[in-house]
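First the structure, in the form of structure tokens, and then the observations on it.
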């Protein structure tokens, strides 16, 4: 048997082959490729897909006697599991393609799947494949806090990831990274690093176990520092105070003028608004 994944043949007349792993976006359809190495027809064989070894009796999909048997199917896969094609040109069961098609993949579907094939001649073989259901997290939330000595504390936070993500910063080996997992199986990541200003810093978000770049951001960090002395602070406060007193005086003057103007106008019971299309009485 060709060793494409975690498999252990029991004889040399029936060989089951699989890929090592498959990844799929949550909510999409996953195809778990599995086939007979010598392209034998599987139409008259028993094909059983199951997860853990103790779940052999509650399969995800069971095909035998040229028909599907749903009597003992695992409930969470009802209506979602069927045979698929490992490639478009595959001949299906006639060509020994016993791939599993799993629709509307959920986070809980992540795990190890075993494809078991048995022939009427009392020969059987099985092979296992790992399915990883992924979810790209939310847009990272960035923040910067100014510290002493022209240092800036850069922070990045994002949630809604699966599987556990990796986050790294450019040119920094002292970044802090915290990971947490909520009750629904999604991960949150929070990382922060202290950088000097001015500088340009990048951070990278990866799906763990995959060399796939998901997010990459570059930030220009500028620290604007203002020094205050006691004399300078007093001078600034004095200037603001004078301007405030002047503004209050102007407001009082305008109010007095307005009241004087209103007393001189005859009362007609109507209100005239400047800028309207109506002429004054």
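The values are calculated or read from the model by the stated rules, or taken from the named source; none is laboratory data. Given the structure is predicted, the values throughout are model-derived calculations rather than measurements. All Cβ positions, glycine included, derive from the backbone under ideal geometry; neighbour counts span all protein chains shown.
Among what's in segment 111-139 and is under 31 Å from the mean Cα position of the chain (by Cα) and assigned to a loop (DSSP other than H, G, I, E, B), pick the residue that is surrounded by the fewest Cβ atoms within 10 Å (Cβ to Cβ).
The qualifying residue surrounded by the fewest Cβ atoms within 10 Å (Cβ to Cβ) is 139.
Return yes or no: is residue 144 in contact (Cβ under 8 Å) with a residue 12 or more places away in the chain, more than 14 Å from residue 31 (Cα to Cα) and in contact with a strand residue (DSSP E or B) (Cβ under 7 Å, 6 or more places away or on another chain)? So residue 144 fits the description; yes. Could you check, for segment 109-121, whether at least one of its residues is closer than 30 Å to residue 43 by Cα, at pLDDT below 85 and not assigned by TED's automatic domain parsing to the domain that holds residue 190? Yes, segment 109-121 contains at least one residue that is closer than 30 Å to residue 43 by Cα, at pLDDT below 85 and not assigned by TED's automatic domain parsing to the domain that holds residue 190. Which of the following residues is touching a residue at least 60 places away in the same chain (Cβ under 8 Å), surrounded by fewer than 17 Cβ atoms within 10 Å (Cβ to Cβ) and over 29 Å from the mean Cα position of the chain (by Cα): 44, 97, 54? Of the residues listed, the single one that is touching a residue at least 60 places away in the same chain (Cβ under 8 Å), surrounded by fewer than 17 Cβ atoms within 10 Å (Cβ to Cβ) and over 29 Å from the mean Cα position of the chain (by Cα) is 44.
Determine, yes or no, whether residue 142 is surrounded by fewer than 16 Cβ atoms within 10 Å (Cβ to Cβ) and either within 30 Å of residue 198 (Cβ to Cβ) or at pLDDT 95 or above (or both). For residue 142, the condition - surrounded by fewer than 16 Cβ atoms within 10 Å (Cβ to Cβ) and either within 30 Å of residue 198 (Cβ to Cβ) or at pLDDT 95 or above (or both) - is met.
Of all residues in segment 57-78, those that are within 18 Å of residue 32 (Cβ to Cβ) and either touching a residue at least 24 places away in the same chain (Cβ under 8 Å) or surrounded by 11 or more Cβ atoms within 10 Å (Cβ to Cβ) (or both) total 11. From the list 63, 70, the one residue that fits, being more than 16 Å from residue 111 (Cα to Cα), in a strand (DSSP E or B) and at pLDDT 95 or above, is 63.
Would you confirm whether or not segment 18-34 contains a residue that is farther than 30 Å from residue 137 by Cβ, at pLDDT 95 or above and under 39 Å from the mean Cα position of the chain (by Cα)? Spell out how you get there, then give the answer.
Keep residues of segment 18-34 that are farther than 30 Å from residue 137 by Cβ, which gives 34.
Filter again for at pLDDT 95 or above, leaving 34.
Applying the additional criterion that residues be under 39 Å from the mean Cα position of the chain (by Cα) yields 34.
Looking through segment 18-34, at least one residue is farther than 30 Å from residue 137 by Cβ, at pLDDT 95 or above and under 39 Å from the mean Cα position of the chain (by Cα).
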